[in-house]
Amino acid sequence: MNKKLLEVKNLKTSFYTHLGEVQAVRGISFELEEGGVLGIVGESGSGKSVTSLSIMRLIDSPGVIKEGEIIFDGVDLTKLKKSEIADYRGNEISMIFQDPMTSLNPVYKIKNQMIEVIKRHTDMTTAEALERAIDLLKQVGIPDPVAQINDYPHQFSGGMRQRALIATAISCNPRLLIADEPTTALDVTIQAQILELLKQLQKDTGMSIILITHDLGVIAEVSTNVIVMYGGLIMEKGTVQDIFYNPQHPYTKGLHKSIPKPHAKNDERLIPIKGSPPDLMNPPSGCPFSSRCDFAMEVCLTDAAPGYKISDSQSSACWLHDAESPVVEGFKKSKEVL
């Protein structure tokens, strides 16, 4: 087993608006091994992106990390001053933000934006940083990087912009790369290329990756372990095999049913998850999925379920795993609470 690179313990992040407190992340814990690839999946508003921004310490007012620890290689990032966390960003931990169309500054050439990052975290001269930037663009598959590094972002296609962002993110050889919806706004063919690029980079460099997405197909393509989030909480954890072939939480099962199947009959309809996500300004006291769950019991409305250990690699926060709950096909009973 590789050593733990990242440990998130009881993380709670809220935003204090004029209407009240939005509890975006409500007490989640997980870990990532050195060289591992962790996928975080869930629908919009589940807390995925806020989790990644919390790790990067990029939560600005009115947001605040209320509670918890974010331990990176033995250092609790929540305890660091702004000047200290700046040395981790880009150098030890790097991030690819959601939208490649808006993440690059439109008034600066690609080379200026890449050189700025490289010089901020290394002792390279401008000439050395330029050479490094060209090598990185070549590494991520930009054609004729010597010429195209002088282009402005609007001269790049969406896929090329995403490649440029990836090149910038890995420019200082980070140990952890957080990719927040890296295939958003890209067509299917380019999505596949970007995912293949991330897999190859992870293989070549050995860096750890957190991949955040709402698309289970993207998770299956890259990740080794998966976290399923909903309503600011973790519903289920497991390996890719666990989540795809033995899902145990009703929300995870619902996600599976809503995915188009390649061999489905023409008249076979998708089964959507009924209802709407919870209001995190007034989150439910029980399971956040209870109002949309076909198996909800009275206890689900009043008390959130603990994490039940399904196997050494899988856990699920659902009362149906409790030994005293009704027997429902497809849900394993568990005697161990995490």
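Where a number appears in this text, it was derived from the coordinates with a stated rule and is not lab data. All values reported here derive from a predicted model rather than from experimental measurement. Using ideal geometry, Cβ is built from the backbone for each residue, glycine included, and neighbour counts are taken over all protein chains shown.
Say we join alpha carbon atoms closer than 10 Å with springs in a Gaussian network model of the chain; which of Gln155, Gln248, Gln98 then has the biggest fluctuation?
Maximum among the listed residues: Gln155.
Using a Förster radius of 30 Å, what is the FRET efficiency between Lys261 and Glu21 based on their Cβ-Cβ separation? Nearest 0.05, please.
Values: r = 41 Å, r/R0 = 1.35.
Rounded to the nearest 0.05, the efficiency is 0.15.
If you average the alpha carbon positions of the stretch 13-28 and of the stretch 220-240, how far apart do those two centres end up, in angstrom?
22
Farthest toward the dipole's positive end in the chain, which of Val107, Ile310, Ile271, given Cβ charges of +1 (Lys, Arg) and -1 (Asp, Glu) about the Cα centre?
So the residue furthest toward the plus end is Val107.
Place a +1 charge on the Cβ of each Lys and Arg in the chain and a -1 charge on the Cβ of each Asp and Glu, then give the dipole magnitude about the Cα centre in debye, rounded to the nearest 20. It would help to have the intermediate numbers written out before the result.
Numbers: 35 positive and 42 negative charges, 29 e Å.
Here the size comes out at about 140 debye.
Grab the beta carbon distance between Val75 and Arg269, set R0 = 41 Å, and tell me the FRET efficiency rounded to 0.05. Please report the intermediate quantities before stating the final value.
Working: r = 50 Å, r/R0 = 1.23.
In this case the efficiency is close to 0.25.
Once you keep just the Cα pairs under 8 angstrom separated by 6 or more residues, what percentage relative contact order results for the chain?
On the way: 628 pairs, mean separation 62.1, N = 338.
Relative contact order comes out at 18 percent.
In a GNM of the chain with a 10 Å cut-off on Cα contacts, which of His263, His249, His321 has the highest mean-square fluctuation?
Fluctuation is largest for His263.
Would you mind calculating the gained length between Lys109 and Lys309 on full extension (0.36 nm times residue separation, minus the Cα-Cα distance), in nm to one decimal? Don't skip to the end; give the middle numbers.
Numbers: separation 200, 0.36 × 200 = 72.00 nm, distance 5.08 nm.
Full-extension gain reported as 66.9 nm.
Alpha carbon centre of the stretch 145-207 versus the stretch 32-71: separation in Å?
21
Run lengths n ≥ 4 of DSSP H only: what is the helix-derived mean residue ellipticity at 222 nm for the chain, with -39500 (n - 2.57) per run over all residues, to the nearest 500? Intermediate values should be presented prior to the final figure.
Values: 11 runs with 99 residues, N = 338.
Theoretical 222 nm ellipticity from helices: -8500 deg cm²/dmol.
Would you mind calculating the gained length between Gln241 and Thr125 on full extension (0.36 nm times residue separation, minus the Cα-Cα distance), in nm to one decimal? Walk me through the numbers before you get to the answer.
Details: separation 116, 0.36 × 116 = 41.76 nm, distance 4.64 nm.
Length gained between Gln241 and Thr125: 37.1 nm.
What FRET efficiency would be calculated for the residue pair Asp60, Glu31, taking the C-beta separation as r and a Förster radius of 22 Å, to the nearest 0.05?
Values: r = 26 Å, r/R0 = 1.19.
Computed FRET efficiency for Asp60 and Glu31: 0.25.
Just the Cα atoms of the stretch 4-230, one point each, no solvent: what log10 I(q)/I(0) does Debye give at q = 0.13, 0.14, 0.18 Å⁻¹?
-0.77, -0.89, -1.41
In percent, what relative contact order does the stretch 249-321 have, based on Cα pairs under 8 Å that are 6 or more apart in sequence?
Details: 77 pairs, mean separation 18.2, N = 73.
The value is 25 percent.
Would you list Phe244, Phe289 from fewest to most Cβ contacts within 10 Å?
Values: Phe244 15, Phe289 28.
Ascending Cβ contact count within 10 Å gives the list Phe244, Phe289.
Only counting other Cβ atoms within 10 Å, I'd like Cys172, Cys300, Cys318 sorted with the fewest neighbours first. Show your work: numbers first, answer last.
On the way: Cys172 18, Cys300 23, Cys318 27.
In increasing order of surrounding Cβ atoms, one gets Cys172, Cys300, Cys318.
In whole percent, what relative contact order does the stretch 1-44 give with Cα contacts below 8 Å and a gap of six or more residues? Could you put the intermediate results ahead of the total?
Numbers: 58 pairs, mean separation 18.6, N = 44.
Computed over the stretch 1-44, the figure is 42 percent.
Given the Cα-Cα distance of Met297 and Ser285 and 0.36 nm per residue of separation, how much length would full extension add, in nm?
On the way: separation 12, 0.36 × 12 = 4.32 nm, distance 1.37 nm.
Taking Met297 through Ser285 to full extension adds about 2.9 nm, to one decimal.
In the chain, with Lys and Arg counted as +1 and Asp and Glu as -1 at Cβ, which of these residues, Pro153, Ile259, Trp319, has the Cα nearest the positive end of the dipole, that is, farthest along it?
Pro153
Which one, Ile85, Asn10, Phe30, projects farthest toward the positive side of the charge dipole computed for the stretch 1-141 from Cβ point charges (K/R +1, D/E -1)?
Final value for the positive-end residue is Ile85.
If you rank Arg269, Arg163, Arg132 by fewest surrounding Cβ atoms within 10 Å, what's the result? Before the final figure, lay out the partial values.
Values: Arg269 7, Arg163 23, Arg132 19.
Arranged by neighbour count, lowest to highest, Arg269, Arg163, Arg132 become Arg269, Arg132, Arg163.
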